[in-house]
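Novice: Supplied in structure tokens, the structure appears directly below.
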Amino acid sequence: EIVLTQSPATLSLSPGERATLSCRASQSVGSYLAWYQQRPGQSPKLLIFDASNRATGIPARFSGSGSGTDFTLTISSLEPEDFAVYFCQDRSNWPPVTFGQGTRLEIK
Amino acid sequence: EMQLVASGGGLVQPGRSLRLSCAASGFNLDDYAMHWVRQAPGKGLEWVSGITWNSGRIGYSDSVKGRFTISRDNAKNSLYLQMNSLRAEDTALYYCVKDQSYDSKSYGLDIWGQGTMVTVSS
């Protein structure tokens, strides 16, 4: 079973700064990785699928990269609404579907 | 607008059963695989179960295998989760989730319901 490890656990930045979040897989998942955003009190939202494809309606400041075991979610210039928890997910054949433990992006 | 509305949660004693339902609107359920994902208070996301578009493939997490049963009624545009032998560790917000794919090779989970809370306690 694939284990996804996200880092850092918490990232403290200011609006306008660039955010870089990492997700590392215990074995190769190819390009089959997705990213989600969860704002406080809300359901998760799909941001990126297949490592680098933005989901419908997701702003261009969100970008994903990587393949194999190392993946990155980048937010080019943080907006106030971007401060949230971010999860990565292995989308290869289930069962199971695996999520990372999350990175909390907080305002510095 | 594509929407999922989950219901059926509540407070239940350990060892008892509960059935969750999820009503889909704005899209045809039978075009997509569906999942249940849960989130314990203050914790991360945990996949519980998934079912392909035609119920041809069904999967469960190890933590619920043998106790939970997922099913779907495409004619009613509805998804279900029968939860038996509930434990305190099953306490969580349960999300009904749509996959972008129809089969077991997920393309990402693009529509999430609001969740229904299940609390297992005596």
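Novice: Report relative contact order for chain A in percent, whole number only (criteria: Cα-Cα under 8 Å, sequence separation at least 6).
Specialist: 37
Novice: I would also like to ask the following. Residue B:34 accessible area, nearest 10 Å², 1.4 Å probe?
Specialist: Accessible area, nearest 10 Å²: 0 Å².
Novice: Output wanted: per-residue J couplings in Hz (rounded whole) for the stretch B:97-102, from phi through Karplus 6.51 cos²θ - 1.76 cosθ + 1.60, θ = phi - 60°, x for Gly and Pro.
Specialist: Once θ is set to phi - 60°, the couplings for the stretch B:97-102 become 9, 9, 8, 6, 9, 9 Hz.
Novice: What whole number of Å gives the distance from the Cα centroid of the stretch B:12-80 to the Cα centroid of the stretch B:91-111?
Specialist: 9
Novice: Return the value, in Å² to the nearest 100, of accessible area buried between chains A and B (probe 1.4 Å, both sides summed).
Specialist: Chain pair A/B: roughly 1900 Å² of buried accessible area.
Novice: Explain nothing, just compute: Karplus ³J(HN,Hα) = 6.51 cos²θ - 1.76 cosθ + 1.60, θ = phi - 60°, for every residue of the stretch B:35-40 in order, whole Hz, x for Gly and Pro.
Specialist: Taking θ as phi minus 60°, the curve returns 9, 10, 10, 10, 9, 5 Hz for the stretch B:35-40.
Novice: Now, a different point. Over chain B, give the accessible area per residue in Å² for a 1.4 Å probe, as an integer.
Specialist: For chain B, the per-residue accessible area is 44 Å².
Novice: Which peptide among B:92-98, A:52-58 comes first, and what is the full order, when sorted by highest mean count of other Cβ atoms within 10 Å?
Specialist: B:92-98, A:52-58
Novice: Compute the Kirkwood hydrodynamic radius of the stretch A:2-46, taking the inverse of the mean of 1/r over all pairs of distinct Cα atoms, and give it in Å to one decimal.
Specialist: Hydrodynamic radius (Kirkwood, Cα only) of the stretch A:2-46 equals 12.7 Å.
Novice: When the expected Rg is taken as 2.2 N^0.38 Å, what fraction or multiple of it is the alpha-carbon Rg of chain B?
Specialist: Here the Cα radius of gyration is 0.98 times the empirical estimate.
Novice: Put one equal scatterer on each alpha carbon of the protein assembly as shown, apply the Debye formula with no solvent term, and list log10 I(q)/I(0) at q = 0.10, 0.11, 0.14 1/Å to two decimals.
Specialist: -0.44, -0.53, -0.86
Novice: Another one. Counting only the backbone N, which residues of the stretch A:18-32 are under 14 Å from the spot 7 Å out from the Cα of residue A:61 toward its beta-carbon?
Specialist: Answer for the stretch A:18-32: A:18-20.
Novice: Do you know which residues of the stretch B:79-122 lose at least 50 square angstrom of accessible area in the protein assembly compared with their chain on its own, with a 1.4 angstrom probe?
Specialist: Going by heavy-atom accessible area, the residues of the stretch B:79-122 that drop by at least 50 Å² are B:104, B:105, B:106, B:107, B:109, B:112.
Novice: Taking the solvent-accessible surface of protein heavy atoms with a 1.4 Å probe, what is the per residue accessible area of the stretch A:13-108 in Å²?
Specialist: Ligands and nucleic acids excluded, the result is 42 Å² per residue.
Novice: Could you compute how much accessible surface residue A:62 exposes when probed at 1.4 Å, giving the result in Å² to the nearest 10?
Specialist: Approximately 10 Å² of residue A:62 is accessible to the 1.4 Å probe.
Novice: Can you give me the % of accessible surface on chain B that is carbon or sulfur? Probe 1.4 Å, all protein chains present, nothing else counted.
Specialist: After summing per-atom areas, the C and S share lands at 45 percent.
Novice: Of the residues A:63, A:77, A:43, which exhibits the maximal mean-square fluctuation in a Gaussian network model of chain A defined by a 10 Å Cα contact cut-off?
Specialist: Fluctuation is largest for A:43.
Novice: Would you mind telling me the antiparallel percentage of the DSSP bridges in chain B, rounded to 5?
Specialist: So the antiparallel bridges in chain B amount to around 90 percent.
Novice: Run through all the Cα pairs of chain A and give the fraction in each 10 Å bin from 0, expressed as whole percent.
Specialist: The distribution over chain A is 16, 52, 28, 4, given as percents.
Novice: Now, a different point. Along Cα→Cβ, 7 Å out, is where each label goes; now give me the distance between the ones at residue A:7 and residue A:72 in nm to one decimal.
Specialist: Taking the two extended label points, one gets 1.4 nm.
Novice: Ignoring ligands, DNA and RNA, what percent of the accessible area of chain A is carbon or sulfur (1.4 Å)?
Specialist: In chain A, the share of accessible area belonging to carbon and sulfur is 46 percent.
The values are calculated or read from the model by the stated rules, or taken from the named source; none is laboratory data. These figures come from a predicted structure and were not determined experimentally. Cβ sites come from the backbone with ideal geometry, for glycine too, and all protein chains shown count toward neighbours. We work out accessible area using only protein heavy atoms, side chains counted, and drop any ligands, DNA or RNA first. Shrake-Rupley method; radii C 1.70, N 1.55, O 1.52, S 1.80 Å.
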